[in-house]
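Let me begin by presenting the structure, written as structure tokens, before commenting on it.
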Amino acid sequence: MKIKAAEVDRKAVMAALDEMTSIEGLEGLAGDANLLELGHIDSTQFMDLVSILEDWTGVEIDFLEHDPAEMTSLDGLIATFHAQ
């Protein structure tokens, strides 16, 4: 999949999650819910998720500029890619 960073939305993040693992019960997940704290993904899977979105958008997220803790929710990931 190829998309622009500004096109990253809930559907794109969910597709990336789907590509890397079959996690059940994410459909009704609140946008601000922390995927790590809720145990839906671990830190390695978080990096995989960001990597998939980077590949799709051609944008590399600089973790010195963006706090990873702010990207652990759907809304946070979307906002980070939109800021690029």
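The values are calculated or read from the model by the stated rules, or taken from the named source; none is laboratory data. In this text the structure is predicted, and so the values were computed from the model without any measurement. Backbone-built Cβ (ideal geometry, glycine too); neighbour counts: all protein chains shown.
Here is how the numbers come out for the structure above:
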{"quantity": "Count of residues meeting criterion [touching a residue at least 40 places away in the same chain (Cβ under 8 Å) and of a type in the set (Val, Ile, Thr)] in the stretch 50-74", "calculated": "2"}
{"quantity": "Filter pass, residue 77 being without any contact (Cβ under 8 Å) to a residue 60 or more places away in the chain and not aromatic (Phe, Trp, Tyr)", "calculated": "no"}
{"quantity": "Output for the stretch 1-55, where each listed residue is closer than 12 Å to residue 73 by Cα and basic (Lys, Arg)", "calculated": "10"}
{"quantity": "Subset of the stretch 15-60 (residues that are modelled with pLDDT under 90 and either closer than 21 Å to residue 5 by Cα or in a helix (DSSP H, G or I) (or both))", "calculated": "17, 18, 19, 20"}
{"quantity": "Residue count for the stretch 63-79, restricted to those that are closer than 19 Å to residue 7 by Cα and either outside any helix (DSSP H, G or I) or within 9 Å of the chain's Cα centre (by Cα) (or both)", "calculated": "9"}
{"quantity": "Count of the stretch 15-49 residues which are aliphatic (A, V, I, L, M) and either in contact (Cβ under 8 Å) with a residue 40 or more places away in the chain or loosely packed, with under 11 Cβ neighbours inside 10 Å (or both)", "calculated": "4"}
